[in-house]
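The values are calculated or read from the model by the stated rules, or taken from the named source; none is laboratory data. No experiment lies behind these values; they were computed from the predicted model shown. Using ideal geometry, Cβ is built from the backbone for each residue, glycine included, and neighbour counts are taken over all protein chains shown.
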Amino acid sequence: MNVSALAGALGGLHGWLSGAGQIAYAAMLLASRIWLAQATFVHGLMAMMQAEGFARLPPALDTMLQGVLPFLLVVGLLTRPAALILLLGFGQPSIEQDFAGPRGVLLLWLMAQGAGPLSIDYLLRIGLRRVPFSLVRAVWQFYRGIERLTAEVLPFATRLYLAVFLAAGSGAALWSQPITGEFLTAPWWLILLCWILILGLFTRPIAVVLCVIWPLMPLLGPEQSFTAVGLLLLLIASRGPGKLSLDWGMVQATGILHGSQERVTERAPRVVVVGGGFGGIATVRSLSRTNCRITLIDRRNHHLFQPLLYQVATAALSPADIAVPIRSVTRGQQNVAVRLAAVTGVDASAKHVLVGDERIPFDFLVLATGAEHSYFGRNDWSPFAPGLKSLEDAVSMRGRLLRAFEQAESETDLEKQKAWLTFVVVGGGPTGVELAGALAELAKTGMDMEYRRIDPAQARVVLVQSAPRVLPTFSPKSSEEAARALGALGVEVITGAKVTAIDPGGVHVDDVRIAARTSFWAAGVAASPAAGWLGQAGDRAGRIIVGPDLSVTHCPGIFAIGDTAASNGWAGKPVPGLAPAAKQQGQYVADVIRAAISDRPSPPPFQYTHYGNLATIGRLSAVAELRSFRLWGAPAWWFWGLAHILFLGGGRNRAAVALNWLWAYVTYRRSTRLITGSIDDP
Ligand SMILES: Cc1cc2nc3c(=O)[nH]c(=O)nc-3n(C[C@H](O)[C@H](O)[C@H](O)COP(=O)(O)OP(=O)(O)OC[C@H]3O[C@@H](n4cnc5c(N)ncnc54)[C@H](O)[C@@H]3O)c2cc1C
């Protein structure tokens, strides 16, 4: 490995650690606030109230502070003033000296750096900056100033404090007495580690090691110091050492060697990414520390979490819960410009992307335009059996099915009423199964007692699958479980049968006609027309055929990823059309581009890692296959829910989805049963 490659690897490791560290830092700030709140409540507050400073306060205010401060700390509201009030209580003669030191530093940290992303302060920060009261704005500016001023000094001072504290072996000695020969009572290796901590060399692992070994030593301080010191060490480990450290110097040095400065130069290579779905966003994010100018083009302004589209279609979630504006996803990434535009072609030889008459030049192009519905040559069915691919599809599907219940309520002819209450879902893959299950659940429990002439629970949901079993990409046992769970919800599952005709009044399944006024298509997908832009015929599904490095043959600098690409990167098998596959391909292509930009050898061919299959059928019912580990029923459902909340983009969306699910779980109600648009819409 040459020096540049080593520098690149170190740079990559640093980038990964910074990303993971940000999440861990937010969690550690929350943990610190919770611990401080309980410690204040349980141990410290009474003593603090008796101390001189607070003794002057009226008793009512004392009592209020005792109750309010821990609450403010836990939720992260007015965290800095709360921390300041608690800090002012320290140093009073009545406070336990041992308790004061590390806890005081923890409070100082919160005062200087704020409560972090998992707090109400954080949510309000943009609003506060703009409120019409100059005093509030001035306070906000003041706190921002403190945050900036202490951003580098605080981690250094904390490291220094912790090193001396740990080596001295007693918080009391450090807090109240001058450091003397006692300082040298620690074993030599602990003193060595403390020195390394002060210098800021390999700070994150050293802080974690100290956090693990220090409590095992006979030099233990009091119980409260034990937790506070641990939290301070983990704050350092997650946030990193800051600029006043040898680690920072090393990162700078590797950056210079590797030529991967974060600052983007004007002559940096131009990377155009078409499509802000899972693949496109993964590419853009993975290039965040690369010296290149990225243009991300999408015809929609949002990144969509497609796996939950069926929940919007069945009125369980709102459209805004599963989509985030692409601009907000890339807000913090200086080397990206977002364009809202529909790409119409590519001039591969001139290296231009075409948006109508406009030409956008590129050095590297990543096509991540996803897939569209395929009616297997019967596009005339699409108006009668719409599919699910975009937010518009989901909202329109929701309108269709809710209108069907409204029509049934006003229908006097029983046969016609039955047709309005019959829903056919074509396709027994994950989307069809999830859609049919959610539809049946909505009818059975979601609209109880709301209609007077019909009983929505009598609705008939039919799932038609041409293959011999539903969920054909899952194991036979999971398919069996899914069919059983669908049956329990009242869904009629027809397997091994083909849909031969669809019209506004019903569906022909083989020779049998099912009278149904509402049908949905979940049977086939075809790639976007991107292959045609490159003059390729594509594979059978119209996907761009790519090589082992996901590049398009005879089109240097052009890559295709995700649902629009046909790659055999799954140990020689075709890579499936799944979100994790698109993400992995996006990250891989970013590596290839980074290597090309910095004149390094390309990474080895793309290899897809399959983590498993998940599908939910209804309340407390799902199937999960994670490599050789299988789950069904309620455990799989909880796993499915947690995984989806975790992978959903945006904190607001995660909170909204979790809250909506909790609400639906407890009340059995669907809060988003809105028919938008005119009732005369077809
Ligand atoms: C209903 C449904 C449920 C699914 N459930 C799951 C699941 O549970 N688990 C799972 O792993 N996968 C699931 N998938 C599949 C998964 O969503 C896709 O594999 C994944 O989204 C593919 O990512 P992508 O980046 O290739 O394309 P997409 O995420 O589809 O993104 C393509 C982007 O390109 C943009 N675009 C297209 N054409 C143009 C153009 N001409 N100009 C500009 N922009 C353009 C689109 O607006 C879109 O933003 C589901 C898919 C659907 C439709």
Exercise for the section: Could you name every one of the strands (runs of 3 or more DSSP E) located completely within region 272-362 that has at least 1 residues being more than 10 Å from the ligand (Cβ to nearest atom)? Expected result: 293-298, 323-325, 336-340, 345-347, 352-355, 358-361
Handout entry: Subset of region 180-227 (residues that are at pLDDT 65 or above, surrounded by fewer than 12 Cβ atoms within 10 Å (Cβ to Cβ) and among the polar types (S, T, N, Q))
Key = none
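Could you say which residue among Gln584, Gln536 is among the polar types (S, T, N, Q), assigned to a loop (DSSP other than H, G, I, E, B) and within 16 Å of the ligand (Cβ to nearest atom)?
Numbers: Gln584 fails: assigned to a loop (DSSP other than H, G, I, E, B).
Only one candidate passes the filter, namely Gln536.
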Problem - Residue list for region 624-655, filter: more than 22 Å from the chain's Cα centre (by Cα) and either among the charged types (D, E, K, R) or within 15 Å of the ligand (Cβ to nearest atom) (or both) - result: Arg627, Arg630
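Among the residues of region 561-576, write down those that are near the ligand (Cβ under 9 Å from one of its atoms) and crowded, with 18+ Cβ neighbours inside 10 Å.
Across region 561-576, the qualifying residues are Ile561, Gly562, Asp563, Thr564, Ala565.
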Practice task
May I ask you to list the residues in region 587-622 that are under 22 Å from the mean Cα position of the chain (by Cα) and in a strand (DSSP E or B)?
Solution key: Asn613, Leu614, Ala615, Thr616, Ala622
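If you take the residues in region 282-298 that are of a type in the set (Ser, Thr, Tyr) and more than 16 Å from Ala560 (Cβ to Cβ), which one is modelled with the highest pLDDT?
Kept after step one, since they are of a type in the set (Ser, Thr, Tyr), are these residues of region 282-298: 283, 286, 288, 290, 295.
When the remaining residues are screened for being more than 16 Å from Ala560 (Cβ to Cβ), the result is 286, 288, 290, 295.
Values: Ser286: 95, Ser288: 92, Thr290: 93, Thr295: 98.
My answer is Thr295.
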Practice task
Identify all residues within region 623-640 that are small (Gly, Ala, Ser) and touching a residue at least 24 places away in the same chain (Cβ under 8 Å); write none if there are none.
Solution key: Gly633
